[in-house]
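First up is the structure itself, then whatever we jot down about it.
The values are calculated or read from the model by the stated rules, or taken from the named source; none is laboratory data. Since this is a predicted model, take the numbers as computed values, not measurements. Virtual Cβ from ideal backbone geometry, glycine too; neighbours counted across all protein chains shown.
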């Protein structure tokens, strides 16, 4: 049995750990950059959006992602099951979109002052929820190389966007 560096670096376990490090590290760096660049009120708005996004992501995880991770191996028709999870995930994202739209129209009528941030925040939340689903699905399907390529692109674009705001 060989225990070389190359064989250790290219195992699926290492790729899963690398994926999680990229995901968590990106979130940490983004929050750190925004903490340094935004005023206290604006950073508070950003953190609120991030918290609501994590809440929506945990709801999506409870109804779609966790069952997919647990039940994937028990179905003989994995493709049809994964298709069903895509539809459920789209349902979660549509509920998010309609919730943001309703809040937007209420804001336009009652003038809470949220309308400028609602659609970008909603788009960010939906994109984050979708990315979380894609990440978990690729993990379930054991497509680690695709996952790392997508994760790297998302990491680079998110950190680049945060860094540009720093300039």
Task: Test for residue 112: is it assigned to a loop (DSSP other than H, G, I, E, B), without any contact (Cβ under 8 Å) to a residue 12 or more places away in the chain and more than 24 Å from residue 19 (Cβ to Cβ) - done: yes
TODO: Residue by residue through segment 149-167, note down the ones that are in contact (Cβ under 8 Å) with a residue 24 or more places away in the chain and closer than 16 Å to residue 20 by Cβ.
DONE: 151, 152, 154, 155, 158
- [ ] Starting from residues that are surrounded by fewer than 14 Cβ atoms within 10 Å (Cβ to Cβ) and under 17 Å from the mean Cα position of the chain (by Cα), keep the ones in segment 91-111 and report whichever is farthest from residue 124 (Cα to Cα).
- [x] 91
- [ ] Would you check which residues across segment 33-58 are in contact with a helix residue (DSSP H, G or I) (Cβ under 6 Å, 6 or more places away or on another chain) and surrounded by 17 or more Cβ atoms within 10 Å (Cβ to Cβ) and list them?
- [x] 33, 34, 46, 49, 53, 56, 57
- [ ] Just give me the residues in segment 70-79 being loosely packed, with under 15 Cβ neighbours inside 10 Å and part of a helix (DSSP H, G or I), in sequence order.
- [x] 70, 71, 73, 74, 78, 79
TODO: Report yes if residue 127 is more than 16 Å from residue 19 (Cα to Cα), over 9 Å from the mean Cα position of the chain (by Cα) and assigned to a helix (DSSP H, G or I), otherwise no.
DONE: no
Task: Flag for residue 146 being modelled with pLDDT under 90, surrounded by fewer than 13 Cβ atoms within 10 Å (Cβ to Cβ) and within 25 Å of residue 16 (Cβ to Cβ) - done: no
